[in-house]
Structures are given as C-alpha cells and as structure tokens.
Amino acid sequence: MAYSGAVAGPPAQRGSEQIADRVYRRIAARAAADALAPAWHGRPDPPYPKVSALYAHGRVRLTLHVELPFPCDVAELSRTAQDAACTRVAELTGTTVTSAEVIVDRLHPAGLR
C-alpha cells in the first residue's frame, strides 16, 4: 500500500510526540559538561556529570550530580552547570524545565586524582 502523502487532519488531532527521559538526561549532562570544561582546564579526564530527569505534565525536572575541581567557586560553577543544562534542554526540546537541582558529589583538589 502506497502512502498518498495526504494529511489526516489538523496537528492537534493527529497525535503528539513523547521525548524519553534519557534524551533529557543526555542533553543536560552534555550541556553541564561543556559548561564546566573551562574549570577543568589543565587537568586530565574531567568527570562527566550524571543527570536524572523526570518528565510530567509537559515539564521536566532535572537533578545534576557533578564533581568539581578544587579550589573553585562551588556556587558559581554549580549555577553555571544548572543554567547551561536548563537552557539547552529548553532550546532543543521545547520543554519547560521547572527545576534543576545540582548536587556536588566530590571536589577534586589540584594535583591529586
């Protein structure tokens, strides 16, 4: 059976798309890693953030687990990762990010690893 190319009706009646939670996790983790990369300059193998995402009612809630170099301004780097993740998720998916919690799991002192 060949597809005729005819549209079955208005978009609201044809259905909707669902973005998997893992897509939100990957987008947010990459955005946070990119935002934190300058802070890790000169240090080998920066750890990759871990993210959980919960999508409900057209909105997503993120939790970012990050490791940061030390010494650093922990609050500033946390906010940088948070802002980058929220912005990129909203830009790429069109989904509103209602909250994004940042948990600093570990600080890595300079010269130790």
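Please treat every number below as a calculation from the coordinates, not as lab data. Keep in mind that this is a model prediction, so the values were computed, not measured. Cβ: placed from backbone, ideal geometry, glycine included. Neighbour counts: every protein chain shown.
Here are the numbers for this structure:
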item: Isotropic mean projected area of the C-alpha convex hull, segment 34-109 (nm²); result: 4.9
item: Residue-wise HN-Hα coupling along segment 46-51, computed from phi with Karplus coefficients 6.51, -1.76, 1.60 (Hz; x: Gly, Pro); result: x, x, 8, x, 10, 10
item: Mean Cβ neighbour count within 10 Å, used as a protection proxy, ranking 27-35, 83-91, 54-62 highest first; result: 27-35, 83-91, 54-62
item: Beta bridges by DSSP in segment 34-109, antiparallel share as percent, to the nearest 5; result: 35
item: J(HN,Hα) series, segment 80-88, from Karplus relation 6.51 cos²θ - 1.76 cosθ + 1.60, nearest Hz, glycine and proline x; result: 4, 5, 4, 4, 5, 5, 4, 5, 5
item: Within segment 34-109: Cβ-based charge dipole about Cα centre, in debye rounded to nearest 20 (Lys, Arg +1; Asp, Glu -1); result: 200
